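Q: Sharing a structure, written as structure tokens. Questions coming.
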Amino acid sequence: MNKTVNQKAWFLVLPVLVLVAFSAVIPLMTVVNYSVQDTFGNNQFFWAGLEWFEEMLRDERMWNALQRQLMFSAIILAIEVPLGVFIALNMPKGGFWASFCLVLMSLPLLIPWNVVGTIWQIFGRVDIGLLGHTLDALGIDYNYTQNIFAAWATIVVMDVWHWTSLVALLAYAGLKSIPDAYYQAAKIDQASRWKVFRYIELPKMMGVLMIAILLRFMDSFMIYTEPFVVTGGGPGNATTLLSIDLVKMALGQFDLGPAAAFSIMYFLVILLISWVFYTVMTNLDKKGM
Amino acid sequence: MADATISQTPTRARTLPRVNTSAVVMGLYLLFLLLPIYWLLNMSLKTNTEILNSFTLFPRDLTLDNYRTILTDPAWYMGYVNSLIYVVMNTVISLAVALPAAYAFSRYHFMGDKHLFFWLLTNRMAPPAVFALPFFQLYSSVGLFDTHIAVALAHCLFNVPLAVWILEGFMRGVPKEIDETAYIDGYSFGAFFVKIFMPLIASGIGVAAFFCFMFSWVELLLSRTLTTVDAKPIAAIMTRTQGASGIDWGVLAAAGVLTIVPGALVIWFVRNYIAKGFALGRV
């Protein structure tokens, strides 16, 4: 659509600007303030410069949390993206069953995040949970509160359960936009199922799939509630992801300076990824997909 | 033609014993999705003795006591009321400010429009953990701590950008000629927007409302940080129960089931727009 230049449009955006400035800029400036100051209590602050940043960058704790975070995001992407595409390919193409599947698949997406945690906490318990009980009966040593591997497996499977449908829904939306003529042409050429996927479906899905990957990466990068409810970051610190660590530091120990410096670096990473995301999206818009 | 017949004959011969693989895959996947939810439902209908002492795949003596506990105890059901109040407030505020903004983004170029649009997106992507502490201090200092409006405003952080993006996606689909014709016919901007434009994007408004509702409903970190008693959301009340020494599993499960209900009720209406909503209006 060709847009006209109209500076008065600013007035229409003004309410959003004021509201989001109130709920984003002010808090963010508080964080910036804390990150460059130190305190002896009593609300007396003095300038600390970049000390906190230097300290955080040297701190093993943040690097370990970052490492776990990257590992978590990598694992869930490696599972959810192929699985989501696979599910999308197998979805009914239309009619009642397509709606039926869409609705049931969306169900996990609409559950409050701590309830997701609760569901899996219960489901995985050896004494009262179906999963834990079954694994125990099969003779597998499974205890997500003590065994590091079990804890990781639980939060990964939980995330797969929670979010694979999102990837599947987006991939499905991409698949549905492929005109029938493409498939007919492939049939005339006697293309194999794999080739249809590789040369027709995948390229056509690429756009939405990019969105799905970025969304999943970003949301998994700031995941807090679900793993916190299930493992509380344990056993030890084995499942303490970035957000969990940050909340522990800021609200638990009230280490304002380091927590603020941590927040800022966290936010900068997110900003960078958001920019990639934005570029991908606007390029898609231009192509009219 | 001959080729087609040849290649089809063996397939047809195999059709009878062969099962539909797509259906099997979908069946397994849906089973995987529903099993944990079923387990929660199952537990919510059991007594605690049955939960702890015997392992049963379905409730042997079915009881609604757990639900009765929640629906009669104000400490429990007020959690739902609190959640609903701030979620609805948030949805109304988000839509009210997002509608004009989305219109501006979809129709006009103005100074800094691209930067502004990007900046909004970064707020959708901002980790709530970063904002938890500053929000706590901000709302405490203006005396809004532990009120519904504080949570509603805090959730605007990610819901307003979301609403703007979704609505902009829908508005771009409305031809600009409609606006121009209306202005020629003498409509003022306000009258045109409410009487003509909003009905045209009614489905978009519905979808945006649904997603604002949903993301505010599922969020816990901020709503828990900003409330103590008066506006405490149901999700936080559940966590507290878990911390107690003796956990009432049945009631916990029932509370969980009740939080799934609102989403489950309305999802049918937005089923065709679900992908669009999650992708910020860009599918």
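Q: Mind listing whichever residues of region B:98-132 are crowded, with 22+ Cβ neighbours inside 10 Å and touching a residue at least 40 places away in the same chain (Cβ under 8 Å)?
A: Passing the criteria: B:98, B:99, B:101, B:102, B:103, B:105, B:120, B:128, B:129, B:131, B:132.
Q: Filtering region B:97-119 down to residues that are at the interface with chain A (Cβ under 7 Å from one of its Cβ atoms) and closer than 19 Å to residue B:278 by Cα, which residue is modelled with the lowest pLDDT?
A: B:118
Q: Let me ask another. Filter region A:129-148 down to residues that are in a helix (DSSP H, G or I), free of Cβ contacts under 8 Å to residues at least 60 places away in the same chain and surrounded by fewer than 16 Cβ atoms within 10 Å (Cβ to Cβ), then give me how many there are.
A: The number of residues fulfilling the criteria is 2.
Q: Right, something else. How many of the residues making up region A:87-121 are more than 7 Å from chain B (Cβ to nearest Cβ) and either polar (S, T, N, Q) or part of a helix (DSSP H, G or I) (or both)?
A: 11
Q: Here is a further query. Just checking: which of the helices (runs of 4 or more DSSP H) contained wholly in region A:150-263 hold 2 or more residues that are at the interface with chain B (Cβ under 8 Å from one of its Cβ atoms) and hydrophobic (A, V, I, L, M, F, W, C)? Before the answer, list the steps.
A: Details: elements: A:180-188, A:193-196, A:202-221, A:225-231, A:242-247.
Filter on region A:150-263 gives A:202-221, A:242-247.
Q: Give me the pairs: first residue in region A:81-96 and without any contact (Cβ under 8 Å) to a residue 40 or more places away in the chain, second residue assigned to a helix (DSSP H, G or I), beta-carbon distance under 7 Å, and six or more apart or on different chains, which are they?
A: Pairs that qualify, where the first residue is without any contact (Cβ under 8 Å) to a residue 40 or more places away in the chain and the partner is assigned to a helix (DSSP H, G or I), are A:90/B:22; A:90/B:25; A:90/B:26; A:92/A:98; A:92/A:101.
Q: Which condition breaks for residue A:126 when tested against (1) touching a His at 6+ places or on another chain (Cβ under 7 Å); (2) among the hydrophobic types (A, V, I, L, M, F, W, C); (3) closer than 17 Å to residue A:226 by Cβ; (4) surrounded by fewer than 22 Cβ atoms within 10 Å (Cβ to Cβ)?
A: With respect to (1) touching a His at 6+ places or on another chain (Cβ under 7 Å); (2) among the hydrophobic types (A, V, I, L, M, F, W, C); (3) closer than 17 Å to residue A:226 by Cβ; (4) surrounded by fewer than 22 Cβ atoms within 10 Å (Cβ to Cβ), residue A:126 is out only on (3).
Q: Given the conditions (1) within 17 Å of residue B:133 (Cα to Cα); (2) at pLDDT 85 or above, and given that residue A:74 satisfies all but one, which numbered condition is not satisfied?
A: (1)
Q: Is it the case that residue A:69 is farther than 30 Å from residue B:89 by Cβ, outside any helix (DSSP H, G or I) and within 14 Å of chain B (Cβ to nearest Cβ)?
A: The answer is no for residue A:69.
Results for (1) touching a residue at least 40 places away in the same chain (Cβ under 8 Å); (2) within 30 Å of residue A:208 (Cα to Cα); (3) within 23 Å of the chain's Cα centre (by Cα), shown as yes or no for each residue.
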{"site": "A:28", "(1), (2), (3)": "yes, no, yes"}
{"site": "A:32", "(1), (2), (3)": "yes, no, no"}
{"site": "A:39", "(1), (2), (3)": "yes, no, no"}
{"site": "A:49", "(1), (2), (3)": "no, no, no"}
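Q: What pairs come out if I take residues in region A:175-193 that are under 18 Å from residue A:90 (Cα atoms) and pair them with residues that are part of a loop (DSSP other than H, G, I, E, B) and aliphatic (A, V, I, L, M) whose C-beta lies under 9 Å away, six or more apart or interchain?
A: Matching pairs, first to second residue: A:175/A:91; A:177/A:289; A:177/B:283.
Q: Looking at (1) surrounded by fewer than 23 Cβ atoms within 10 Å (Cβ to Cβ); (2) facing chain A (nearest Cβ under 9 Å); (3) closer than 25 Å to residue A:275 by Cα, which is the only condition residue B:160 fails?
A: Failing condition for residue B:160: (1).
Q: What residue, among those in region B:202-222 that are closer than 22 Å to residue B:260 by Cβ and more than 15 Å from the chain's Cα centre (by Cα), is surrounded by the most Cβ atoms within 10 Å (Cβ to Cβ)?
A: Ranking the qualifying residues of region B:202-222, first place goes to B:221.
Q: Looking at B:151, B:174, can you tell me which residue is crowded, with 18+ Cβ neighbours inside 10 Å and either at the interface with chain A (Cβ under 10 Å from one of its Cβ atoms) or over 21 Å from residue B:91 (Cβ atoms) (or both)?
A: It is B:174.
Q: Can you name the number of the only condition in (1) farther than 30 Å from residue B:71 by Cβ; (2) over 21 Å from the mean Cα position of the chain (by Cα) that residue B:230 fails?
A: Going through (1) farther than 30 Å from residue B:71 by Cβ; (2) over 21 Å from the mean Cα position of the chain (by Cα) one by one, residue B:230 breaks only (1).
Q: Just one of the numbered conditions (1) surrounded by fewer than 24 Cβ atoms within 10 Å (Cβ to Cβ); (2) over 25 Å from residue B:270 (Cβ atoms); (3) touching a residue at least 60 places away in the same chain (Cβ under 8 Å) is not true of residue A:260; which one?
A: Every condition holds for residue A:260 apart from (1).
The values are calculated or read from the model by the stated rules, or taken from the named source; none is laboratory data. Computed from a predicted model, the values in this text were never measured in an experiment. Every residue, glycine as well, gets a Cβ built from its backbone with ideal geometry; the counts of neighbours run over all protein chains shown.
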